[in-house]
C-alpha cells in the first residue's frame, strides 16, 4: 500500500515533466521549421507582367535611365542587373507580380566599343539570370546608342530557345553603320548609304536569324539641321532598315528634331518619352 501511495504521488510529477518535455520538443520542431522556411528557396520564379528591358550605350551604367524611367512610370519597380567581364551577374532591386510596368536595366562592367562583340552574349547571360528569379514569356526592349547593337547581336547570334521572346523593340540613336563620315552622308533621307561598314555588313548577313514577329521603332535625333545628333549621323541610325525592315512585319523610323536632340539627351527628350510610352504600353 505504501508503494502505491508513492506511485500516486510521483505520477503527477511524471506527467508534468512529460508535458514540459513534449512542449519543448514541439517548440524546437517549430523553430526548425521556421528556420528551414527562412533559408529554403521559393518553389519557383515570381511571375511578373511583361517587363521593359533598358540597355545603355558605351560606358553606360545601370543608373543611365533613372530619369527616363521616373518620367515613364514613377511607380514602376526596377531591377538593375550588371554583367561582369567574367560573365558573372549581380543585381539590385526587386520586382513584384502586381507591378503594371516592371522595369529591368541591364548594363555591363565594361561596355566600351572594344567589348561590343561580347555584349550580345553577356546580355543572354543576364536574361538567364533574370529568368531564374522571374517568370515572363515576352518582353519589350529599349537600347540607347550601342544598346541597339547589343540586342541586334543577341538576336542574330546568341538567343537561346528557352529565352523569353522579344515583343517590341525601340532603338534610339543607334550607330548601325558606325559613326564615321567615311560611311555616312549628312542627309536625313536616302535610298542607299554612302558606304557599308563592316559592322553593318555583318548584321545584314545574319539578319535571317531575327524573329519576324518583333515590332520595331527606330528613332534618330537631329541637332539644328546637321543630319546628326552630334555623335551619330541620322543615316547611320536609319541604316538599321537594311537589317530589320524586310525582316520584320512592323518596322518604323522617326526623326526627332528641336530641343534635347543631342545624343546623350535623347533619353530625356519629351517627344521620345511620349513615343516610348505609346509604343510599349
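Selection over the range 74-117 of residues that are out of contact with any strand residue (DSSP E or B) (no Cβ under 8 Å at 6 or more places or on another chain) and crowded, with 18+ Cβ neighbours inside 10 Å gives a count of 1. The C-beta contact set for the range 87-114 (first residue touching a residue at least 40 places away in the same chain (Cβ under 8 Å), second residue surrounded by fewer than 17 Cβ atoms within 10 Å (Cβ to Cβ) and part of a strand (DSSP E or B), distance under 6 angstrom, 6+ apart or interchain) comprises 97/46; 97/47. In the set 156, 185, 162, only one residue is without any contact (Cβ under 8 Å) to a residue 60 or more places away in the chain, in a loop (DSSP other than H, G, I, E, B) and farther than 21 Å from residue 88 by Cβ; that residue is 185. Scanning the range 245-275 for residues that are in contact (Cβ under 8 Å) with a residue 60 or more places away in the chain, touching a helix residue (DSSP H, G or I) at 6+ places or on another chain (Cβ under 9 Å) and closer than 28 Å to residue 202 by Cα yields a total of 3.
Scan the range 268-276 and tell me whether some residue there is closer than 21 Å to residue 215 by Cβ and out of contact with any strand residue (DSSP E or B) (no Cβ under 7 Å at 6 or more places or on another chain). So far as the range 268-276 goes, yes, one or more of its residues are closer than 21 Å to residue 215 by Cβ and out of contact with any strand residue (DSSP E or B) (no Cβ under 7 Å at 6 or more places or on another chain). Remark: residue 227 matches the filter, which requires a residue to be on the phi > 0 side of the Ramachandran plot and either assigned by TED's automatic domain parsing to the domain that holds residue 149 or under 22 Å from the mean Cα position of the chain (by Cα) (or both). Select from the range 74-99 the residues that are over 16 Å from the mean Cα position of the chain (by Cα) and more than 21 Å from residue 123 (Cβ to Cβ) and list them in ascending order. Matches in the range 74-99: 74, 75, 97, 98.
Residue check: is residue 146 in contact (Cβ under 8 Å) with a residue 12 or more places away in the chain, more than 15 Å from residue 163 (Cα to Cα) and in contact with a helix residue (DSSP H, G or I) (Cβ under 9 Å, 6 or more places away or on another chain)? Criteria met by residue 146. Hey, among the residues in the range 141-165 that are touching a strand residue (DSSP E or B) at 6+ places or on another chain (Cβ under 6 Å) and surrounded by 21 or more Cβ atoms within 10 Å (Cβ to Cβ), which one's nearest to residue 52 (Cα to Cα)? Restricting to residues being touching a strand residue (DSSP E or B) at 6+ places or on another chain (Cβ under 6 Å) and surrounded by 21 or more Cβ atoms within 10 Å (Cβ to Cβ), the top hit is 141. Residue-level analysis places residue 207 among those that are under 24 Å from residue 117 (Cβ atoms) and in contact (Cβ under 8 Å) with a residue 40 or more places away in the chain.
The values are calculated or read from the model by the stated rules, or taken from the named source; none is laboratory data. These numbers were taken from a predicted model, which means no experiment stands behind them. Positions of Cβ are generated from backbone atoms using ideal geometry, with glycine treated the same way; all protein chains shown enter the neighbour counts.
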